[in-house]
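The values are calculated or read from the model by the stated rules, or taken from the named source; none is laboratory data. Please read all numbers here as calculations on a predicted model, not as lab measurements. Virtual Cβ from ideal backbone geometry, glycine too; neighbours counted across all protein chains shown. We work out accessible area using only protein heavy atoms, side chains counted, and drop any ligands, DNA or RNA first. Shrake-Rupley method; radii C 1.70, N 1.55, O 1.52, S 1.80 Å.
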Amino acid sequence: GADIIKVERLGDGEDGRAMGPHRGPWGAYFTTLNRGKRSIALDIRQPAGREIVLRIAATCDVFLENFRGGKASALGLEEAVVRARKPDIIYASLSAYGARGPDYTRPGYDAILQARTGIMSVTGNGDEMPIRSGVSILDMGTGVWTALGVLAALLERQRSGKGQRVDTSLFQTGVMLMSYHLLYRQFAGVNPQPQGSRHTAFAPYGAFRAAEGAIMIGISSDKAFRRLAEALGNPQWADDPRFRTNLDRVRNASELDRLISEVLARHPVSHWTAVLDRHDVACDPVQTPDQVMADRQVAALGQLESIQLPGQEGASLPRLPIGFSRTPAAIQGSAPGVGQHTRAILQEAGIADSEIEDLFRSGVCEASPA
């Protein structure tokens, strides 16, 4: 994996460190997003601090900034300045609203952009205030697009010898995730409404209460529906005019869901997953985090990896959801303390020990123990 140098402000570091819950000084939010990174603490508002960033950038393949629009330029870290130090660098910018436009300089967060891009309008059951997704889909999704863009730029650089800029934003990711719903509006002539766990294109498709727990069932074809009807002891449903085709089932989804719910209420989820598996029907229990961590498939894939938290009990973190046959990936250690690697990073950038001591004395840099 990449050697990621994280530039943090002096003192308490980035805001994410304060987001709980905590195990000692380690916040759950920061720990999971920053495992394996190295931290240097700098005051980039000072000219000497900006100069250090530029000298480090000259040794790197990629420079990534995550400021609100216009902030990098205000700090003297815009693309042209960084590229002057390393002409073939990949300059990546991840922002809230994108690299241009009337909202370029506005602040934004995951939930704010879920609202702006329409995601919240199609999330929930429709009988309450709009709600955001329970996971930070725009933060995480934009990070994936950024990585994909950077990798594509690195590959192109191998061919051309030239660096380029890569721009991504929460706004653009949200619009991309809304693709189906935007086409729905154009094709149907009305805005799609929140469906809960249902889907406007398929039926039955959603979460159902069993005698104990909840189960998610997804049917995407008439053949699959016939298998479901047989598994639930009602094979006649497959020939019922109300349910014969997917379009029929979507039109009569409420009645179909009622019939299915009546059957499922007779037994717990474990019974139904076994029955539906035998009939090759796509289903799974609605699990909580503790159940996910104990999941047999998680264990089989080795999807959780234990890391040590300095001074605290360790934790299990998800590995990258990518398998490599020749170069398997692994988590490269725990999240760093604020400025934990400041001295080592400065030395690697070719900065003399005497200058490093001056930087510490002048308050431009800061280091903390591991």
Next item on the list: Kindly check whether there is at least one residue in segment 229-250 that is small (Gly, Ala, Ser) and in contact with a Ser or Thr (Cβ under 6 Å, 6 or more places away or on another chain).
Entry: no
Notebook entry, point to check: Within segment 52-162, which helices (runs of 4 or more DSSP H) (wholly inside it) include 1 or more residues that are under 30 Å from Ser197 (Cβ atoms) and among the polar types (S, T, N, Q)?
Noted result: 110-116, 137-160
Checklist line | Leu346, sole failed condition from (1) farther than 30 Å from Ala229 by Cα; (2) part of a loop (DSSP other than H, G, I, E, B); (3) not β-branched (Val, Ile, Thr) | finding: (2)
Next item on the list: Give just the number: which of (1) of a type in the set (A, V, I, L, M); (2) open to solvent by 80 Å² or more (accessible area, probe 1.4 Å); (3) without any contact (Cβ under 8 Å) to a residue 12 or more places away in the chain; (4) under 30 Å from Leu247 (Cα atoms) does Ile131 not satisfy?
Entry: (2)
Next item on the list: Filter segment 198-254 down to the residues that are buried (at least 20 other Cβ atoms within 10 Å of the Cβ) and touching a residue at least 60 places away in the same chain (Cβ under 8 Å), then identify the one that is farthest from the chain's Cα centre (by Cα).
Entry: Ala210
Check: List, please: which pairs have Cβ atoms under 6 Å, are six or more places apart or on different chains, and start with a residue in segment 72-88 that is closer than 16 Å to Gly49 by Cβ and end with one that is open to solvent by 20 Å² or more (accessible area, probe 1.4 Å) and part of a helix (DSSP H, G or I)?
Finding: Gly76/Arg50
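So which strands (runs of 3 or more DSSP E) stay within segment 281-340 end to end and still have 1 or more residues that are closer than 15 Å to Lys37 by Cα and either among the hydroxyl-bearing types (Ser, Thr, Tyr) or open to solvent by less than 60 Å² (accessible area, probe 1.4 Å) (or both)?
Where strands (runs of 3 or more DSSP E) fall fully within segment 281-340 and carry at least 1 residues being closer than 15 Å to Lys37 by Cα and either among the hydroxyl-bearing types (Ser, Thr, Tyr) or open to solvent by less than 60 Å² (accessible area, probe 1.4 Å) (or both), they are 304-309, 312-318.
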Checklist line | Given (1) surrounded by fewer than 15 Cβ atoms within 10 Å (Cβ to Cβ); (2) out of contact with any strand residue (DSSP E or B) (no Cβ under 9 Å at 6 or more places or on another chain), number of the condition Ala99 does not satisfy | finding: (2)
